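Reviewing the structure listed below.
Each reported figure results from applying straightforward, stated rules to the coordinates on display, with no laboratory input. These numbers were taken from a predicted model, which means no experiment stands behind them. So basically every Cβ, Gly included, is an ideal-geometry build from the backbone, and we count neighbours across all protein chains shown.
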Amino acid sequence: MTSTREPIGVIGTGYVGLVTAAGFAELGNEVWCIDIDAHKIQRLEQGEIPIYEPGLAELVAKHRGRLHFSTDITEALEHARLLFVAVGTPPTYSGDADLSAVHAVVAAMPPSDRHALVMKSTVPVGTGTSIKRSFVEQGKPGFRYVSCPEFLKEGSAIADFLHPDRVVVGDDGDWAGEAVVELYRPLLKPQYGGQGSGELVRTDIASAEMVKLAANAFLATKISFINEIANVCEVTGANVTEVSKGIGLDDRIGPRFLQPGIGFGGSCFPKDVNALKQLAGNSGYHFQLLNAVIEVNELQKRRVIGKLHKHLGSLVGKRIALLGLAFKPNTDDMRDASSLVLAARLQADGAKVSAYDPIAEDEARELMSGVDFADGPLDAVRDADAVVLVTEWDEFRTLDWREVADVMSGTVLIDGRNALDPAAVRAAGLAYEGIGRS
Ligand SMILES: NC(=O)c1ccc[n+]([C@@H]2O[C@H](COP(=O)([O-])OP(=O)(O)OC[C@H]3O[C@@H](n4cnc5c(N)ncnc54)[C@H](O)[C@@H]3O)[C@@H](O)[C@H]2O)c1
């Protein structure tokens, strides 16, 4: 049976591109997936998924017939009018977003009156305007442009795609914006003609670009805020877990993103907060609050070292075990993970570092040197003077702490995510210290 849904192209098959492609395939769309990484495309063609994202492999396998993988844009252009752009926009040395991959995509587009780029990559405000200008300068004024920022969370990306809070479409009021709304229609609330959960935010391109940056900056601010509250709890005797609960019940505040820890990482928050700060600065505005958010986050990663010093004195020759390395559970993404800063700081202080992560070890090996990677949590903590829980994978919550205490040579456990039951850890004879839990 052929689908009546519109075929689409997706350029860039990373976390966002592959989830978007698989998600639209689930809705019945044929999807042409393009990437410049030939090895990645070859693996995808063979049914291998290059990243770890729960449910993604199953969804790609289910829709193998609707998903087409290639390094060549030609077929995508032939079959699809809408080309979703999901290429990376990493930070440059100046903290601005590196738009070279986005510009490469723009340059690769042929003159056309029937195609549109739909920007999923996170880009600075003003990118849409400059891309439209480039289309004109490059002799392809008929090419349309839509901003459709992505809000998925790694670890629950499929559910986020299929059950969005909102779909933001920023456009110039032409056919392309309408076509993007139509694509998302089944995921929108009944008031928009759908059967889903999503609010529709239909706006101009610059506002759509800003929604994405402001959303990430606000969430990062919430995290740095509760981390500072936790730090004050530590010196005043309050317990941040109780405080988070108490303030989160206020529906003007809400309970989410009020869990203190050893700082946010990942491919989005650090770079997007920086990019917004730079964007404001480049436009002559000093975004003071974001400077504090960034600084608090950097210091938060390093506070673990102070806690270890407090218990162990000098770290020279001490063995410190890191449980979890990925920037959060249920992903193999190591971009800007707090574990990278922590391991490097520990090594600089003369400590020996062992580590275990259930999924991210291969990625971590590329980025960390001199770390002893273990095959399981007990191997990692063997002979350790202290253990730091870095990523709250479920398997760490159910560890037998008596077994852990038996194989460690010391007794210190720093719970960097407040994920463990302090009483259970202490009952095993370990010295428990969380973040802001007096
Ligand atoms: N990862 C997230 O959780 C998330 C969430 C929301 C938004 N975003 C944004 O989405 C964008 C993509 O993020 P990601 O995590 O999927 O990145 P990624 O690095 O996982 O994937 C990017 C892909 O684009 C490919 N690529 C680069 N240049 C290309 C080109 N010219 N043509 C075709 N393919 C090209 C790369 O080979 C890579 O496979 C970024 O702007 C990011 O900020 C990411």
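Here are some notes:
- Were the residues from Tyr192 through Val407 laid out at 0.36 nm apart, the gain over their Cα-Cα distance would be 71.6 nm.
- Positive end of the dipole of the stretch 158-251 (Cβ unit charges, origin at the Cα centre): among Leu200, Ile229, Val243, the Cα lying farthest that way belongs to Val243.
- Under a Gaussian network description of the chain, with springs only between Cα atoms under 10 Å, the residue in Val16, Val243, Val293 that fluctuates furthest is Val243.
- About the Cα centre, charge dipole magnitude for the chain (Lys/Arg +1, Asp/Glu -1 at Cβ), debye: 860
- Paramagnetic reach from His103 (point 7 Å along Cα→Cβ, amide N under 15 Å) across the stretch 141-168: none
- Placing +1 on each Lys and Arg Cβ and -1 on each Asp and Glu Cβ, with no other charges, gives the stretch 348-435 a dipole about its Cα centre of roughly 360 debye.
- Segments 63-76, 325-338, 256-269 sorted - mean Cβ within 10 Å per residue, highest first: 325-338, 256-269, 63-76
- Distance distribution note for the chain: the fraction of Cα pairs above 33 angstrom is 40%.
- Segment Ala344-Glu78, extension gain: residue separation times 0.36 nm, minus the distance between their alpha carbons: 90.9 nm
- Sequence-separation-based contact order of the chain, relative, with Cα cut under 8 Å and 6+ spacing, percent: 12
- For the stretch 364-379 versus the stretch 381-438, the gap between their alpha-carbon centres in whole angstrom: 18
- Computed FRET value (nearest 0.05) for Ala280 with His311, which takes r as the C-beta separation and R₀ as 41 Å: 0.50
- Mean-position separation - Cα centroids, the stretch 7-40 and the stretch 124-197, in angstrom: 15
- Calculated mean residue ellipticity, 222 nm, the chain: -13000 deg cm²/dmol, from DSSP H runs (n ≥ 4) at -39500 (n - 2.57) each, averaged per residue and rounded to 500.
- Simple label model, 7 Å out from Cα along Cβ direction - Ser156 to Asp375, nm: 3.4
- Dipole moment magnitude, nearest 20 debye, the stretch 34-98 about Cα centre, only Lys, Arg, Asp, Glu C-beta charged: 300
- Residue with peak Gaussian network fluctuation, the chain [Cα springs, cutoff 10 Å], from Gly350, Gly198, Gly237: Gly237
- Relative contact order of the stretch 330-387, defined on C-alpha pairs under 8 angstrom at six or more residues apart (%): 35
- Which of Ala86, Leu346, Gly47, positive extreme of dipole for the chain (C-beta unit charges): Leu346
- The stretch 51-123 and the stretch 304-343: distance between their alpha carbon centers, rounded to Å: 35
- Gaussian network model of the chain, Cα within-10 Å springs - most flexible of Gln138, Gln278, Gln191: Gln191
- Ordering of 176-185, 310-319 by burial proxy (mean other Cβ atoms within 10 Å per residue, highest first): 176-185, 310-319
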